[in-house]
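A short write-up of the structure that comes next.
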Amino acid sequence: MNLWELPFFVSPLDQQALQYKGSSSASGDIQQGVLNAGQAEFPVIDGFPNFVPTHNLSDKTKSVVAFYDDRSETYDQYLHLTFHTHGEDENKVRNGLIDLLELNPDSTVLEVAAGSGRDSEIIAGRLGAKGKLFLQDISSGMLNKARERLQGCTIPVSYALADACALPYADNSVDCVYSFGGLGEFPDIRSALAEMVRVCKPGGKIVVGDESIPVWLRNTEFAKILSTTNPQFMAPLPLEQMPVEARQVCVRWIIGGVFYLIDFRVGNGAPEGNFDYPIPGPRGGTLRSRYLGQLEGVTPEAKELAHKARGKRGMSMHAWLEEAVRKAAADDLK
Ligand SMILES: C[S@@+](CC[C@H](N)C(=O)[O-])C[C@H]1O[C@@H](n2cnc3c(N)ncnc32)[C@H](O)[C@@H]1O
């Protein structure tokens, strides 16, 4: 890592800023050292800051790490077959996914679960000297491959070992986030998406995708053939795990229609609407008064009387009740 990256990193435990007190090269490179935030320490090993909570990993995540560390040497030899199976050109597909990030040369981009850097290389090619690319993965074997692939790249690239569910980046620190092919292996997709939203600036794009055959194809021989070798194709579409900040959400299926792709823009909190315009008609009121203004049920006889009275006065039920309740309350509260 390099000293320029330090302000972007935080402790993934509590988002505290990190300190580094060790040595670095004249150009700011740190090969070995320790970053700390209070009592928490994170080693830098062979240039990679390591935020993976190794003592705390589930058995499933340990086996994911072991699988990718072991497979990192051969991963690139066979990956094109995924695209070949469906007659797709990998480079064209990946470029199309990256188009959705709406990059400009100065963008600061985070790629989560970057793997061997097949997309990272394309993203880097679209950035200029003022752009920044942050690459994150949980497997040092895979991240090493990404670093080898991007050697000689002239834009600033940062690498970090971390769990996608606890990202080591500061709030609102990047312009957009990209993650393809790793979500199904994350321990908790909801936390990972929430983390992507936390680190992305409001208005930025998030683009994520992974295996998931659409439900209407699940009983076809096509689906059964694919999922026999890779059960991940039967993973559910993670719509329930989507963050409330997601706006302009677009879901589509790509690469033979067996990978989902979700892209959205980051909003502030849950959406808001105009709930206060008067609704015409005998019921009246507003969307907000109908939801927040309910009091209690009355007898059917009292309800019928209220309807007759409001009809006689040509008022909506909302306006009649509002007046009646305020008048009764004012008398009782005198
Ligand atoms: C199938 S590869 C995809 C790599 C790359 N994005 C691509 O399209 O070729 C999945 C990647 O997810 C990473 N991964 C799995 N679980 C992870 C986690 N919890 N946090 C971060 N990365 C993870 C793996 O190490 C691996 O590099």
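The values are calculated or read from the model by the stated rules, or taken from the named source; none is laboratory data. From a predicted model like this one, the values you see are computed outputs, not experimental measurements. Counting neighbours? That spans all protein chains shown, and the Cβs are built from the backbone with ideal geometry, glycine included. For the accessible areas, the whole protein counts, side chains as well, though only heavy atoms, and no ligand, DNA or RNA atoms are used. Shrake-Rupley method; radii C 1.70, N 1.55, O 1.52, S 1.80 Å.
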Could you tell me which residue of segment 95-109 is farthest from PRO7 (Cα to Cα), considering only residues that are in contact with a Lys or Arg (Cβ under 9 Å, 6 or more places away or on another chain) and open to solvent by less than 20 Å² (accessible area, probe 1.4 Å)?
-> ILE98
Would you check which residues across segment 1-31 are under 24 Å from the mean Cα position of the chain (by Cα) and assigned to a loop (DSSP other than H, G, I, E, B) and list them?
-> SER11, PRO12, LEU13, ASP14, GLN15, GLN16, LEU18
Please find, among ASP171, ASP175, ASP163, the residue that is part of a strand (DSSP E or B) and either within 16 Å of the ligand (Cβ to nearest atom) or not hydroxyl-bearing (Ser, Thr, Tyr) (or both).
-> ASP175
Mind listing just one residue for me: the one in segment 32-73 that is among the β-branched types (Val, Ile, Thr) and not in a strand (DSSP E or B) and, of those, farthest from the ligand (Cβ to nearest atom)?
-> THR54
Is segment 273-286 home to any residue that is surrounded by 11 or more Cβ atoms within 10 Å (Cβ to Cβ) and acidic (Asp, Glu)?
-> no
Among THR154, THR82, which is within 14 Å of the ligand (Cβ to nearest atom) and either part of a loop (DSSP other than H, G, I, E, B) or open to solvent by 30 Å² or more (accessible area, probe 1.4 Å) (or both)?
-> THR82
Test GLY141 against the criterion of being assigned to a helix (DSSP H, G or I), over 22 Å from the mean Cα position of the chain (by Cα) and either more than 11 Å from the ligand (Cβ to nearest atom) or surrounded by 24 or more Cβ atoms within 10 Å (Cβ to Cβ) (or both), and give yes or no.
-> no
Just one of (1) surrounded by fewer than 20 Cβ atoms within 10 Å (Cβ to Cβ); (2) assigned to a loop (DSSP other than H, G, I, E, B) trips up GLY125, so point out which.
-> (2)
Scan segment 110-126 and report the pairs whose first residue is in contact (Cβ under 8 Å) with a residue 24 or more places away in the chain and whose second residue is more than 6 Å from the ligand (Cβ to nearest atom) and among the small types (Gly, Ala, Ser), with Cβ atoms within less than 6 Å and a gap of 6+ or a chain change.
-> GLU111/SER120; VAL112/SER179; ALA113/SER179; ALA114/SER120; ALA114/ALA146; SER116/ALA146; GLY117/ALA146; SER120/ALA146
Within segment 204-234, can you find the residues that are under 24 Å from SER179 (Cβ atoms), hydroxyl-bearing (Ser, Thr, Tyr) and over 21 Å from the mean Cα position of the chain (by Cα)?
-> SER227, THR229
Tell me which of these ARG310 doesn't satisfy, since it passes every other one: (1) without any contact (Cβ under 8 Å) to a residue 12 or more places away in the chain; (2) crowded, with 16+ Cβ neighbours inside 10 Å; (3) among the basic types (Lys, Arg).
-> (1)
